[in-house]
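See below for the structure under consideration.
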Amino acid sequence: MLAVEAAFEEHIASWLVEHGGYRRVKVGSAGGEPPEFDVQAGVDTADLFEFLGATQAADWERLVDSAYGGDPNQAQSGFVQRLASELDKRGTVDVLRHGVVDRNIKIRLAYFKPAQGLTPELAQRYEANVLSVVRQLPFEPDTSRTVDLGLFVNGIPVATAELKNPLTGQTVENAIAQYRTDRPHNNRTMGRLGMVHFAVDPASAAMTTRLAGTRTRFLPFNRGHNLGAGNPPNPDGHRTAYLWERVWSRDAWMDILGRFIHVEKPSRGSRARPEVIFPRFHQWDAVRRLEADAKERGAGHNYLVQHSAGSGKSNSIAWLAHRLSSLHTDDSAQVFNKVVVITDRIVLDRQLQDTISQFEHALGVVERIDENSAQLAAALAGEQARIIVTTLQKFPLIFDKIESLPERNYAVIVDEAHSSQTGEAANELRRALGSAHPEIDTDMEAGEVEALLSAAVAARGRQPNLWFFAFTATPKGRTLELFGEVGENGRYEPFHLYPMRQAIEEGFIEDVLGGYLTYNQYFHLEKAILDDPEYDTGKARTALARFVTLYPDNLAQKAEIIVEHYRT
(Lines give C-alpha, C1' and ligand atoms only; values in the text may rest on other atoms or scores of the structure.)
Protein backbone atom coordinates (compact mmCIF):
# COMPACT_ATOMS: atom_id res chain seq x y z
CA MET A 1 0.00 0.00 0.00
CA LEU A 2 1.36 3.40 -0.94
CA ALA A 3 2.53 5.61 1.92
CA VAL A 4 0.30 8.52 0.86
CA GLU A 5 -2.87 6.42 1.04
CA ALA A 6 -1.71 4.86 4.30
CA ALA A 7 -1.31 8.36 5.77
CA PHE A 8 -4.84 9.31 4.66
CA GLU A 9 -6.18 6.13 6.23
CA GLU A 10 -4.28 6.75 9.46
CA HIS A 11 -5.49 10.35 9.60
CA ILE A 12 -9.16 9.33 9.45
CA ALA A 13 -8.81 6.45 11.91
CA SER A 14 -6.88 8.56 14.41
CA TRP A 15 -9.43 11.38 14.25
CA LEU A 16 -12.27 8.94 14.99
CA VAL A 17 -10.41 7.60 18.03
CA GLU A 18 -9.24 10.95 19.39
CA HIS A 19 -12.34 13.02 18.68
CA GLY A 20 -15.12 10.85 17.24
CA GLY A 21 -15.98 8.59 20.19
CA TYR A 22 -14.47 5.36 18.83
CA ARG A 23 -12.82 3.09 21.32
CA ARG A 24 -9.70 1.92 19.54
CA VAL A 25 -7.97 1.41 16.22
CA LYS A 26 -7.13 -2.14 15.22
CA VAL A 27 -4.92 -2.95 12.26
CA GLY A 28 -5.40 -6.13 10.24
CA SER A 29 -2.22 -8.15 9.78
CA ALA A 30 -0.87 -8.80 6.31
CA GLY A 31 -1.15 -12.58 6.75
CA GLY A 32 -4.78 -12.73 7.84
CA GLU A 33 -7.32 -11.42 10.30
CA PRO A 34 -6.65 -10.08 13.80
CA PRO A 35 -7.46 -12.80 16.31
CA GLU A 36 -10.55 -11.05 17.72
CA PHE A 37 -12.20 -10.77 14.28
CA ASP A 38 -13.95 -13.96 13.23
CA VAL A 39 -13.73 -13.58 9.46
CA GLN A 40 -15.82 -16.72 8.93
CA ALA A 41 -18.73 -15.25 10.90
CA GLY A 42 -18.01 -11.62 10.02
CA VAL A 43 -18.10 -10.58 13.71
CA ASP A 44 -15.57 -8.97 16.05
CA THR A 45 -15.94 -11.18 19.12
CA ALA A 46 -13.91 -8.99 21.49
CA ASP A 47 -16.14 -5.94 21.02
CA LEU A 48 -19.27 -8.09 21.03
CA PHE A 49 -18.68 -9.73 24.41
CA GLU A 50 -17.34 -6.54 25.96
CA PHE A 51 -20.67 -4.88 25.12
CA LEU A 52 -22.77 -7.83 26.36
CA GLY A 53 -20.85 -7.96 29.62
CA ALA A 54 -21.35 -4.23 30.22
CA THR A 55 -25.06 -4.11 29.40
CA GLN A 56 -26.66 -7.57 29.81
CA ALA A 57 -24.52 -9.59 32.18
CA ALA A 58 -27.49 -11.24 33.88
CA ASP A 59 -29.15 -12.27 30.61
CA TRP A 60 -25.86 -13.61 29.31
CA GLU A 61 -25.26 -15.69 32.45
CA ARG A 62 -28.77 -17.09 32.16
CA LEU A 63 -28.12 -18.03 28.51
CA VAL A 64 -24.81 -19.70 29.41
CA ASP A 65 -26.36 -21.72 32.24
CA SER A 66 -29.68 -22.71 30.65
CA ALA A 67 -28.68 -23.27 27.04
CA TYR A 68 -24.98 -24.16 27.05
CA GLY A 69 -24.55 -26.20 30.23
CA GLY A 70 -22.59 -23.49 32.02
CA ASP A 71 -19.73 -23.60 29.50
CA PRO A 72 -18.88 -19.96 28.60
CA ASN A 73 -16.63 -20.94 25.67
CA GLN A 74 -19.35 -23.07 24.13
CA ALA A 75 -21.86 -20.27 24.77
CA GLN A 76 -19.69 -17.70 23.00
CA SER A 77 -19.11 -19.97 20.02
CA GLY A 78 -22.79 -20.89 19.78
CA PHE A 79 -24.02 -17.32 20.11
CA VAL A 80 -21.60 -16.01 17.48
CA GLN A 81 -22.94 -18.55 14.99
CA ARG A 82 -26.52 -17.64 15.91
CA LEU A 83 -25.73 -13.95 15.50
CA ALA A 84 -24.01 -14.50 12.14
CA SER A 85 -27.03 -16.46 10.89
CA GLU A 86 -29.43 -13.67 11.93
CA LEU A 87 -27.22 -11.03 10.31
CA ASP A 88 -27.27 -13.02 7.06
CA LYS A 89 -31.04 -13.41 7.19
CA ARG A 90 -32.24 -10.07 8.56
CA GLY A 91 -29.38 -7.66 7.90
CA THR A 92 -27.25 -5.51 10.16
CA VAL A 93 -29.69 -2.69 10.86
CA ASP A 94 -32.59 -4.92 11.92
CA VAL A 95 -30.33 -6.96 14.22
CA LEU A 96 -28.89 -3.82 15.82
CA ARG A 97 -32.35 -2.38 16.41
CA HIS A 98 -34.21 -5.48 17.55
CA GLY A 99 -31.60 -7.88 18.84
CA VAL A 100 -31.37 -11.67 18.60
CA VAL A 101 -33.27 -14.42 20.40
CA ASP A 102 -31.10 -17.42 21.32
CA ARG A 103 -32.80 -20.34 23.10
CA ASN A 104 -35.75 -18.11 24.07
CA ILE A 105 -33.49 -15.46 25.62
CA LYS A 106 -33.41 -12.06 23.90
CA ILE A 107 -30.01 -10.39 23.60
CA ARG A 108 -29.80 -6.76 22.52
CA LEU A 109 -27.00 -5.84 20.12
CA ALA A 110 -27.15 -2.06 20.52
CA TYR A 111 -28.81 0.65 22.57
CA PHE A 112 -29.79 3.86 20.85
CA LYS A 113 -29.97 7.29 22.43
CA PRO A 114 -33.34 7.77 24.16
CA ALA A 115 -35.51 10.67 23.03
CA GLN A 116 -35.72 11.99 26.58
CA GLY A 117 -33.66 11.53 29.71
CA LEU A 118 -36.26 10.25 32.16
CA THR A 119 -34.65 6.80 32.27
CA PRO A 120 -30.97 7.11 33.28
CA GLU A 121 -30.41 3.38 32.77
CA LEU A 122 -31.12 3.69 29.02
CA ALA A 123 -28.66 6.58 28.74
CA GLN A 124 -26.00 4.51 30.52
CA ARG A 125 -26.54 1.58 28.18
CA TYR A 126 -26.28 3.89 25.19
CA GLU A 127 -22.91 5.08 26.45
CA ALA A 128 -21.80 1.45 26.75
CA ASN A 129 -21.97 0.89 22.97
CA VAL A 130 -18.53 -0.01 21.59
CA LEU A 131 -17.70 1.75 18.32
CA SER A 132 -14.43 0.78 16.69
CA VAL A 133 -12.59 1.51 13.47
CA VAL A 134 -10.48 -1.18 11.82
CA ARG A 135 -7.71 -0.39 9.37
CA GLN A 136 -7.09 -2.94 6.64
CA LEU A 137 -10.09 -5.07 7.55
CA PRO A 138 -9.78 -8.66 6.22
CA PHE A 139 -13.00 -9.87 4.66
CA GLU A 140 -12.12 -13.19 3.02
CA PRO A 141 -10.92 -16.34 4.84
CA ASP A 142 -7.48 -17.73 4.04
CA THR A 143 -6.41 -14.68 2.00
CA SER A 144 -4.71 -11.38 2.69
CA ARG A 145 -7.38 -9.31 0.91
CA THR A 146 -8.49 -6.29 2.94
CA VAL A 147 -10.65 -3.20 2.68
CA ASP A 148 -9.09 0.08 3.83
CA LEU A 149 -11.47 0.88 6.69
CA GLY A 150 -14.21 -0.95 8.55
CA LEU A 151 -16.61 0.64 11.04
CA PHE A 152 -18.05 -1.58 13.79
CA VAL A 153 -20.78 -1.24 16.40
CA ASN A 154 -20.52 -3.75 19.23
CA GLY A 155 -18.54 -6.12 17.04
CA ILE A 156 -20.92 -5.95 14.07
CA PRO A 157 -19.49 -4.42 10.87
CA VAL A 158 -21.79 -1.66 9.61
CA ALA A 159 -19.69 0.17 6.99
CA THR A 160 -16.54 -0.06 4.91
CA ALA A 161 -14.53 2.54 3.02
CA GLU A 162 -12.02 2.46 0.19
CA LEU A 163 -9.71 5.48 0.29
CA LYS A 164 -7.81 7.03 -2.60
CA ASN A 165 -5.52 10.02 -2.97
CA PRO A 166 -4.94 12.04 -6.16
CA LEU A 167 -1.25 12.30 -5.24
CA THR A 168 -0.99 8.64 -6.21
CA GLY A 169 -2.93 9.22 -9.43
CA GLN A 170 -6.17 7.75 -8.08
CA THR A 171 -9.48 9.36 -7.09
CA VAL A 172 -12.89 8.40 -5.79
CA GLU A 173 -13.67 6.91 -9.22
CA ASN A 174 -10.92 4.35 -8.72
CA ALA A 175 -12.37 3.43 -5.33
CA ILE A 176 -15.78 2.93 -6.96
CA ALA A 177 -14.21 0.73 -9.64
CA GLN A 178 -12.47 -1.30 -6.92
CA TYR A 179 -15.78 -2.02 -5.20
CA ARG A 180 -17.35 -3.00 -8.51
CA THR A 181 -14.64 -5.36 -9.70
CA ASP A 182 -12.70 -6.53 -6.64
CA ARG A 183 -15.17 -6.64 -3.74
CA PRO A 184 -17.40 -9.76 -3.96
CA HIS A 185 -21.07 -8.99 -3.41
CA ASN A 186 -21.69 -12.46 -1.98
CA ASN A 187 -19.02 -12.14 0.68
CA ARG A 188 -20.43 -12.62 4.18
CA THR A 189 -19.00 -9.41 5.61
CA MET A 190 -19.25 -7.15 2.57
CA GLY A 191 -22.58 -8.29 1.14
CA ARG A 192 -24.90 -8.25 4.15
CA LEU A 193 -28.14 -6.32 3.93
CA GLY A 194 -27.78 -2.94 5.61
CA MET A 195 -24.05 -2.50 5.06
CA VAL A 196 -23.03 0.81 3.53
CA HIS A 197 -19.83 1.24 1.53
CA PHE A 198 -18.05 4.55 0.98
CA ALA A 199 -15.63 5.55 -1.76
CA VAL A 200 -13.57 8.51 -0.55
CA ASP A 201 -10.74 10.76 -1.61
CA PRO A 202 -9.70 14.09 -0.04
CA ALA A 203 -12.08 16.03 -2.31
CA SER A 204 -15.12 13.83 -2.96
CA ALA A 205 -17.18 10.98 -1.50
CA ALA A 206 -19.79 8.50 -2.75
CA MET A 207 -21.70 5.64 -1.16
CA THR A 208 -23.73 2.54 -1.96
CA THR A 209 -25.86 0.19 0.10
CA ARG A 210 -25.56 -2.78 -2.21
CA LEU A 211 -22.62 -4.38 -3.95
CA ALA A 212 -23.69 -5.90 -7.26
CA GLY A 213 -20.49 -6.30 -9.24
CA THR A 214 -20.28 -4.03 -12.26
CA ARG A 215 -23.94 -3.04 -11.70
CA THR A 216 -23.15 -1.46 -8.32
CA ARG A 217 -24.63 2.03 -8.19
CA PHE A 218 -22.85 4.67 -6.15
CA LEU A 219 -24.54 7.95 -5.18
CA PRO A 220 -22.65 11.19 -4.52
CA PHE A 221 -22.30 11.95 -0.82
CA ASN A 222 -21.04 15.52 -1.10
CA ARG A 223 -22.07 18.83 0.48
CA GLY A 224 -22.28 20.77 -2.77
CA HIS A 225 -20.24 23.78 -3.84
CA ASN A 226 -21.25 27.05 -5.55
CA LEU A 227 -24.79 25.70 -6.06
CA GLY A 228 -23.36 22.66 -7.88
CA ALA A 229 -21.75 19.31 -7.19
CA GLY A 230 -18.59 18.69 -5.19
CA ASN A 231 -17.39 20.08 -1.87
CA PRO A 232 -16.22 23.55 -0.81
CA PRO A 233 -12.60 24.15 0.19
CA ASN A 234 -11.87 23.38 3.82
CA PRO A 235 -9.37 25.79 5.41
CA ASP A 236 -8.80 23.29 8.24
CA GLY A 237 -8.12 20.17 6.19
CA HIS A 238 -9.59 17.88 3.56
CA ARG A 239 -12.76 18.81 1.70
CA THR A 240 -14.31 15.47 2.75
CA ALA A 241 -13.48 15.90 6.44
CA TYR A 242 -17.22 16.32 7.13
CA LEU A 243 -17.59 12.58 6.50
CA TRP A 244 -15.55 11.40 9.48
CA GLU A 245 -15.86 14.55 11.59
CA ARG A 246 -19.66 14.83 11.33
CA VAL A 247 -21.30 11.79 9.76
CA TRP A 248 -19.18 9.02 11.29
CA SER A 249 -18.80 10.64 14.71
CA ARG A 250 -20.30 8.54 17.49
CA ASP A 251 -23.66 10.21 18.18
CA ALA A 252 -24.38 11.09 14.55
CA TRP A 253 -23.49 7.61 13.29
CA MET A 254 -25.59 5.84 15.93
CA ASP A 255 -28.45 8.17 15.06
CA ILE A 256 -28.17 7.22 11.37
CA LEU A 257 -28.23 3.52 12.24
CA GLY A 258 -31.12 3.96 14.66
CA ARG A 259 -33.38 6.51 12.99
CA PHE A 260 -32.40 7.10 9.37
CA ILE A 261 -31.57 3.91 7.50
CA HIS A 262 -34.66 1.98 6.51
CA VAL A 263 -35.31 -1.06 4.37
CA GLU A 264 -37.90 -1.08 1.58
CA LYS A 265 -39.16 -4.63 1.30
CA PRO A 266 -40.30 -5.96 -2.08
CA SER A 267 -43.96 -6.71 -2.74
CA ARG A 268 -45.31 -9.99 -1.46
CA GLY A 269 -44.28 -12.88 -3.67
CA SER A 270 -41.35 -11.01 -5.19
CA ARG A 271 -37.87 -12.52 -4.96
CA ALA A 272 -36.19 -9.16 -5.30
CA ARG A 273 -33.69 -8.17 -2.64
CA PRO A 274 -34.93 -5.49 -0.21
CA GLU A 275 -33.62 -2.00 -0.92
CA VAL A 276 -31.72 -0.20 1.81
CA ILE A 277 -32.35 3.55 1.94
CA PHE A 278 -29.42 5.54 3.31
CA PRO A 279 -29.82 9.33 3.49
CA ARG A 280 -27.96 11.45 0.98
CA PHE A 281 -25.92 14.18 2.60
CA HIS A 282 -28.39 17.02 1.98
CA GLN A 283 -31.26 14.92 3.39
CA TRP A 284 -29.34 14.04 6.54
CA ASP A 285 -28.13 17.60 6.98
CA ALA A 286 -31.55 19.20 6.43
CA VAL A 287 -33.45 16.91 8.80
CA ARG A 288 -30.86 17.18 11.58
CA ARG A 289 -30.66 20.99 11.30
CA LEU A 290 -34.45 21.41 11.26
CA GLU A 291 -34.83 19.19 14.31
CA ALA A 292 -32.09 20.96 16.26
CA ASP A 293 -33.37 24.45 15.41
CA ALA A 294 -36.98 23.63 16.31
CA LYS A 295 -35.78 22.26 19.65
CA GLU A 296 -33.65 25.30 20.42
CA ARG A 297 -35.77 28.22 19.19
CA GLY A 298 -39.13 27.24 20.60
CA ALA A 299 -42.63 27.98 19.40
CA GLY A 300 -44.02 29.62 16.33
CA HIS A 301 -41.23 29.51 13.75
CA ASN A 302 -41.51 28.80 10.03
CA TYR A 303 -38.97 26.98 7.89
CA LEU A 304 -38.52 26.80 4.13
CA VAL A 305 -36.72 23.80 2.63
CA GLN A 306 -35.87 24.46 -1.02
CA HIS A 307 -34.93 21.05 -2.40
CA SER A 308 -34.85 20.49 -6.14
CA ALA A 309 -36.69 17.78 -7.99
CA GLY A 310 -34.64 14.61 -7.63
CA SER A 311 -33.72 15.43 -4.04
CA GLY A 312 -35.77 12.64 -2.46
CA LYS A 313 -38.28 14.92 -0.69
CA SER A 314 -40.60 12.04 0.20
CA ASN A 315 -37.92 10.37 2.32
CA SER A 316 -36.84 13.70 3.80
CA ILE A 317 -40.42 14.46 4.88
CA ALA A 318 -40.88 10.96 6.32
CA TRP A 319 -37.68 11.22 8.37
CA LEU A 320 -38.54 14.73 9.56
CA ALA A 321 -42.11 13.81 10.54
CA HIS A 322 -40.96 10.86 12.63
CA ARG A 323 -38.23 12.80 14.38
CA LEU A 324 -40.44 15.80 15.17
CA SER A 325 -43.08 13.47 16.61
CA SER A 326 -40.60 12.22 19.22
CA LEU A 327 -38.66 15.45 19.78
CA HIS A 328 -38.08 16.47 23.42
CA THR A 329 -36.34 19.41 25.08
CA ASP A 330 -33.31 18.95 27.31
CA ASP A 331 -35.61 18.80 30.34
CA SER A 332 -37.59 15.95 28.67
CA ALA A 333 -40.64 18.03 27.70
CA GLN A 334 -42.31 17.01 24.43
CA VAL A 335 -41.93 19.72 21.80
CA PHE A 336 -44.79 18.73 19.47
CA ASN A 337 -48.03 17.03 20.43
CA LYS A 338 -48.95 16.34 16.83
CA VAL A 339 -47.23 16.41 13.45
CA VAL A 340 -49.51 17.15 10.47
CA VAL A 341 -48.26 16.34 6.98
CA ILE A 342 -50.05 18.15 4.13
CA THR A 343 -49.58 16.29 0.86
CA ASP A 344 -51.40 14.78 -2.10
CA ARG A 345 -48.80 12.07 -2.63
CA ILE A 346 -50.33 8.69 -1.90
CA VAL A 347 -46.84 7.22 -1.98
CA LEU A 348 -45.80 9.49 0.90
CA ASP A 349 -48.53 8.06 3.12
CA ARG A 350 -47.26 4.53 2.50
CA GLN A 351 -43.67 5.69 2.92
CA LEU A 352 -44.43 7.22 6.31
CA GLN A 353 -46.13 4.03 7.47
CA ASP A 354 -43.30 1.82 6.25
CA THR A 355 -40.53 4.04 7.58
CA ILE A 356 -41.98 4.53 11.04
CA SER A 357 -42.91 0.87 11.45
CA GLN A 358 -39.20 0.06 11.30
CA PHE A 359 -38.42 2.40 14.18
CA GLU A 360 -41.31 1.50 16.48
CA HIS A 361 -44.04 -1.11 16.51
CA ALA A 362 -46.85 0.88 18.12
CA LEU A 363 -50.04 0.79 16.05
CA GLY A 364 -51.84 3.94 14.98
CA VAL A 365 -48.85 6.27 15.15
CA VAL A 366 -49.63 7.46 11.60
CA GLU A 367 -53.22 8.19 10.56
CA ARG A 368 -54.36 9.26 7.11
CA ILE A 369 -57.39 11.55 6.94
CA ASP A 370 -59.35 10.28 3.94
CA GLU A 371 -62.97 10.78 5.06
CA ASN A 372 -64.17 14.12 6.44
CA SER A 373 -63.47 16.95 8.84
CA ALA A 374 -64.83 14.93 11.76
CA GLN A 375 -62.06 12.37 11.23
CA LEU A 376 -59.52 15.19 11.17
CA ALA A 377 -60.90 16.69 14.39
CA ALA A 378 -60.81 13.29 16.13
CA ALA A 379 -57.22 12.69 15.08
CA LEU A 380 -56.09 16.14 16.25
CA ALA A 381 -57.89 15.77 19.58
CA GLY A 382 -56.97 12.12 20.20
CA GLU A 383 -53.89 10.76 21.90
CA GLN A 384 -52.93 7.80 19.72
CA ALA A 385 -52.04 9.28 16.32
CA ARG A 386 -48.84 11.31 16.54
CA ILE A 387 -48.51 11.91 12.79
CA ILE A 388 -51.57 12.93 10.75
CA VAL A 389 -51.43 12.82 6.96
CA THR A 390 -54.04 14.87 5.14
CA THR A 391 -54.62 16.57 1.80
CA LEU A 392 -54.24 20.13 0.63
CA GLN A 393 -58.01 20.49 0.40
CA LYS A 394 -58.34 20.01 4.17
CA PHE A 395 -55.59 22.52 4.93
CA PRO A 396 -57.96 25.39 5.93
CA LEU A 397 -59.79 23.12 8.37
CA ILE A 398 -56.62 22.55 10.34
CA PHE A 399 -56.57 26.18 11.49
CA ASP A 400 -60.19 26.01 12.64
CA LYS A 401 -59.81 22.67 14.44
CA ILE A 402 -56.58 23.59 16.18
CA GLU A 403 -58.05 26.84 17.53
CA SER A 404 -60.84 24.90 19.24
CA LEU A 405 -58.52 22.32 20.85
CA PRO A 406 -56.65 22.53 24.16
CA GLU A 407 -53.23 24.15 24.21
CA ARG A 408 -50.98 21.98 22.13
CA ASN A 409 -48.01 22.44 19.81
CA TYR A 410 -48.29 21.37 16.19
CA ALA A 411 -45.67 20.86 13.50
CA VAL A 412 -47.20 21.29 10.03
CA ILE A 413 -45.12 19.89 7.17
CA VAL A 414 -46.34 21.19 3.82
CA ASP A 415 -45.41 19.35 0.63
CA GLU A 416 -46.85 21.81 -1.84
CA ALA A 417 -44.51 21.41 -4.78
CA HIS A 418 -45.98 18.16 -6.07
CA SER A 419 -49.57 19.37 -6.13
CA SER A 420 -48.68 22.58 -7.92
CA GLN A 421 -48.36 20.46 -11.05
CA THR A 422 -52.13 20.21 -11.37
CA GLY A 423 -54.85 22.83 -11.39
CA GLU A 424 -57.50 20.62 -9.78
CA ALA A 425 -55.90 20.74 -6.33
CA ALA A 426 -55.57 24.52 -6.56
CA ASN A 427 -59.20 24.93 -7.59
CA GLU A 428 -60.50 22.87 -4.68
CA LEU A 429 -58.21 24.63 -2.24
CA ARG A 430 -59.29 28.01 -3.62
CA ARG A 431 -62.95 27.17 -3.04
CA ALA A 432 -62.24 26.07 0.54
CA LEU A 433 -60.17 29.13 1.31
CA GLY A 434 -62.60 31.47 -0.38
CA SER A 435 -65.51 30.32 1.77
CA ALA A 436 -63.54 30.24 4.99
CA HIS A 437 -61.47 33.38 4.47
CA PRO A 438 -63.03 36.05 2.24
CA GLU A 439 -59.98 38.23 2.84
CA ILE A 440 -57.91 35.92 0.60
CA ASP A 441 -57.72 36.77 -3.08
CA THR A 442 -59.47 33.94 -4.94
CA ASP A 443 -58.70 35.24 -8.41
CA MET A 444 -55.27 33.66 -8.59
CA GLU A 445 -54.45 31.62 -11.64
CA ALA A 446 -55.21 27.90 -11.50
CA GLY A 447 -52.29 25.77 -10.35
CA GLU A 448 -50.81 28.24 -7.88
CA VAL A 449 -51.20 26.01 -4.85
CA GLU A 450 -48.09 27.47 -3.27
CA ALA A 451 -49.53 30.99 -3.45
CA LEU A 452 -52.81 29.82 -1.93
CA LEU A 453 -51.08 28.13 0.98
CA SER A 454 -48.98 31.21 1.58
CA ALA A 455 -52.12 33.36 1.52
CA ALA A 456 -53.82 31.10 4.07
CA VAL A 457 -50.88 31.33 6.45
CA ALA A 458 -50.53 35.09 5.97
CA ALA A 459 -54.23 35.67 6.64
CA ARG A 460 -54.00 33.90 9.99
CA GLY A 461 -50.69 35.43 10.97
CA ARG A 462 -47.98 33.73 12.98
CA GLN A 463 -49.49 31.32 15.51
CA PRO A 464 -47.49 30.67 18.71
CA ASN A 465 -48.34 26.95 18.76
CA LEU A 466 -47.75 26.26 15.06
CA TRP A 467 -44.46 25.50 13.34
CA PHE A 468 -44.54 25.35 9.53
CA PHE A 469 -41.99 23.31 7.55
CA ALA A 470 -42.56 24.03 3.85
CA PHE A 471 -40.89 21.89 1.19
CA THR A 472 -40.71 23.22 -2.36
CA ALA A 473 -38.36 23.18 -5.33
CA THR A 474 -39.03 26.70 -6.67
CA PRO A 475 -40.42 29.04 -4.00
CA LYS A 476 -42.20 32.22 -5.04
CA GLY A 477 -41.35 35.55 -3.46
CA ARG A 478 -44.32 35.47 -1.08
CA THR A 479 -43.38 31.97 0.07
CA LEU A 480 -39.85 33.13 0.82
CA GLU A 481 -41.17 36.02 2.91
CA LEU A 482 -43.52 33.84 4.97
CA PHE A 483 -41.37 30.75 5.49
CA GLY A 484 -37.82 31.91 4.74
CA GLU A 485 -35.37 33.86 6.85
CA VAL A 486 -33.41 37.03 6.19
CA GLY A 487 -29.85 36.29 5.09
CA GLU A 488 -26.69 38.36 5.42
CA ASN A 489 -27.50 40.21 2.20
CA GLY A 490 -30.89 41.32 3.58
CA ARG A 491 -32.84 39.03 1.27
CA TYR A 492 -35.12 36.19 2.24
CA GLU A 493 -33.49 32.79 1.91
CA PRO A 494 -34.54 29.18 2.53
CA PHE A 495 -33.45 27.52 5.76
CA HIS A 496 -31.92 24.70 3.73
CA LEU A 497 -31.05 24.51 0.02
CA TYR A 498 -30.39 21.65 -2.40
CA PRO A 499 -30.24 23.50 -5.72
CA MET A 500 -31.30 22.26 -9.14
CA ARG A 501 -27.82 22.68 -10.56
CA GLN A 502 -26.41 20.30 -7.96
CA ALA A 503 -29.15 17.75 -8.68
CA ILE A 504 -28.33 17.96 -12.41
CA GLU A 505 -24.57 17.68 -11.94
CA GLU A 506 -25.00 14.76 -9.54
CA GLY A 507 -27.14 12.95 -12.12
CA PHE A 508 -30.48 12.86 -10.29
CA ILE A 509 -32.40 14.90 -12.87
CA GLU A 510 -31.87 15.76 -16.52
CA ASP A 511 -30.77 19.18 -17.69
CA VAL A 512 -33.82 20.10 -19.78
CA LEU A 513 -32.02 23.14 -21.17
CA GLY A 514 -29.10 21.07 -22.38
CA GLY A 515 -30.95 20.17 -25.58
CA TYR A 516 -32.86 23.42 -25.87
CA LEU A 517 -32.72 25.13 -29.27
CA THR A 518 -34.47 28.40 -30.07
CA TYR A 519 -36.50 28.79 -33.26
CA ASN A 520 -34.09 31.46 -34.52
CA GLN A 521 -31.12 29.11 -34.20
CA TYR A 522 -32.92 26.38 -36.11
CA PHE A 523 -34.04 28.85 -38.79
CA HIS A 524 -30.55 30.17 -39.45
CA LEU A 525 -29.04 26.71 -39.64
CA GLU A 526 -31.65 25.57 -42.10
CA LYS A 527 -31.32 28.72 -44.24
CA ALA A 528 -27.56 28.29 -44.38
CA ILE A 529 -28.18 25.02 -46.16
CA LEU A 530 -31.26 25.77 -48.27
CA ASP A 531 -29.89 29.04 -49.73
CA ASP A 532 -26.70 27.41 -51.00
CA PRO A 533 -27.18 26.25 -54.60
CA GLU A 534 -24.48 23.60 -54.22
CA TYR A 535 -26.68 21.53 -51.87
CA ASP A 536 -29.29 18.93 -52.63
CA THR A 537 -32.14 20.67 -50.81
CA GLY A 538 -34.26 17.62 -50.10
CA LYS A 539 -31.40 15.55 -48.74
CA ALA A 540 -30.08 18.44 -46.65
CA ARG A 541 -33.47 19.13 -45.07
CA THR A 542 -33.98 15.43 -44.24
CA ALA A 543 -30.50 15.07 -42.79
CA LEU A 544 -30.82 18.20 -40.66
CA ALA A 545 -34.22 17.19 -39.27
CA ARG A 546 -32.88 13.75 -38.37
CA PHE A 547 -29.80 15.29 -36.79
CA VAL A 548 -31.92 17.64 -34.66
CA THR A 549 -33.88 14.65 -33.36
CA LEU A 550 -30.91 12.43 -32.61
CA TYR A 551 -28.33 14.98 -31.47
CA PRO A 552 -29.95 18.01 -29.85
CA ASP A 553 -26.81 18.87 -27.86
CA ASN A 554 -24.23 21.23 -29.43
CA LEU A 555 -26.29 21.46 -32.63
CA ALA A 556 -24.71 24.66 -33.87
CA GLN A 557 -21.27 23.09 -33.82
CA LYS A 558 -22.21 19.67 -35.17
CA ALA A 559 -24.34 21.02 -38.00
CA GLU A 560 -21.12 22.00 -39.71
CA ILE A 561 -20.51 18.27 -40.25
CA ILE A 562 -23.74 18.05 -42.28
CA VAL A 563 -22.88 21.17 -44.22
CA GLU A 564 -19.44 19.84 -45.11
CA HIS A 565 -20.88 16.42 -46.01
CA TYR A 566 -23.25 17.83 -48.62
CA ARG A 567 -20.66 20.27 -49.94
CA THR A 568 -18.41 17.30 -50.81
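Some observations on this one:
- Filtered by the rule that a residue be part of a helix (DSSP H, G or I) and either among the charged types (D, E, K, R) or buried (at least 19 other Cβ atoms within 10 Å of the Cβ) (or both), the stretch 95-109 gives Val95, Leu96, Arg97.
- Residue that is farthest from Ala159 (Cα to Cα) [pool: residues in the stretch 37-94 that are surrounded by fewer than 15 Cβ atoms within 10 Å (Cβ to Cβ) and of a type in the set (A, V, I, L, M)]: Ala58
- Residue list for the stretch 160-175, restricted to those being in a helix (DSSP H, G or I) and crowded, with 19+ Cβ neighbours inside 10 Å: Val172, Ala175
- Failed item in (1) modelled with pLDDT of 70 or more; (2) open to solvent by less than 10 Å² (accessible area, probe 1.4 Å); (3) of a type outside the set (D, E, K, R); (4) not in a loop (DSSP other than H, G, I, E, B), with Ala426 passing the rest: (1)
- Qualifying residue in the stretch 385-406 (condition: open to solvent by 40 Å² or more (accessible area, probe 1.4 Å) and modelled with pLDDT of 75 or more): yes
- Given (1) farther than 20 Å from Ala503 by Cα; (2) open to solvent by less than 20 Å² (accessible area, probe 1.4 Å); (3) outside any loop (DSSP other than H, G, I, E, B), number of the condition Trp284 does not satisfy: (1)
- Restricting attention to the stretch 117-135 and to residues that are part of a loop (DSSP other than H, G, I, E, B) and among the hydrophobic types (A, V, I, L, M, F, W, C), the residue that is modelled with the lowest pLDDT turns out to be Leu118.
- Only listed residue being at pLDDT below 90 and surrounded by 21 or more Cβ atoms within 10 Å (Cβ to Cβ), chosen from Ile342, Ile317: Ile342
- Residue list for the stretch 128-144, restricted to those being among the hydrophobic types (A, V, I, L, M, F, W, C) and either open to solvent by 10 Å² or more (accessible area, probe 1.4 Å) or touching a Phe, Trp or Tyr at 6+ places or on another chain (Cβ under 7 Å) (or both): Ala128, Val130, Leu131, Val133, Val134
- Boolean, Gly117 is in contact (Cβ under 8 Å) with a residue 12 or more places away in the chain and open to solvent by 10 Å² or more (accessible area, probe 1.4 Å): yes
- Residue pairs whose Cβ atoms lie under 8 Å apart, sitting 6 or more positions apart in sequence or on different chains, and linking a residue in the stretch 278-306 that is within 16 Å of Leu466 (Cβ to Cβ) and among the acidic types (Asp, Glu) to a partner that is open to solvent by 10 Å² or more (accessible area, probe 1.4 Å) and not in a helix (DSSP H, G or I), are Asp293/His301; Asp293/Phe495.
- Evaluation of Phe260 against (1) surrounded by 15 or more Cβ atoms within 10 Å (Cβ to Cβ); (2) in contact with a Gly (Cβ under 8 Å, 6 or more places away or on another chain); (3) under 30 Å from Ala123 (Cβ atoms) (one fails), failing number: (2)
- Filter result for Lys295 (in contact with a Leu (Cβ under 8 Å, 6 or more places away or on another chain), open to solvent by 30 Å² or more (accessible area, probe 1.4 Å), on the phi < 0 side of the Ramachandran plot and of a type outside the set (S, T, N, Q)): yes
- If you go through the stretch 323-338 and keep only what is of a type in the set (A, V, I, L, M) and crowded, with 18+ Cβ neighbours inside 10 Å, you end up with Leu324, Leu327, Val335.
- From the list Thr240, Thr216, Thr209, the one residue that fits, being in contact with a strand residue (DSSP E or B) (Cβ under 7 Å, 6 or more places away or on another chain) and either open to solvent by 20 Å² or more (accessible area, probe 1.4 Å) or on the phi > 0 side of the Ramachandran plot (or both), is Thr209.
The values are calculated or read from the model by the stated rules, or taken from the named source; none is laboratory data. Keep in mind the model is a prediction, meaning the values are calculated, not measured. Every residue, glycine among them, receives a Cβ derived from its backbone with ideal geometry; neighbour counts consider all protein chains shown. These area figures cover heavy atoms from the full protein model, side chains too; ligands, DNA and RNA do not enter into them. Shrake-Rupley method; radii C 1.70, N 1.55, O 1.52, S 1.80 Å.
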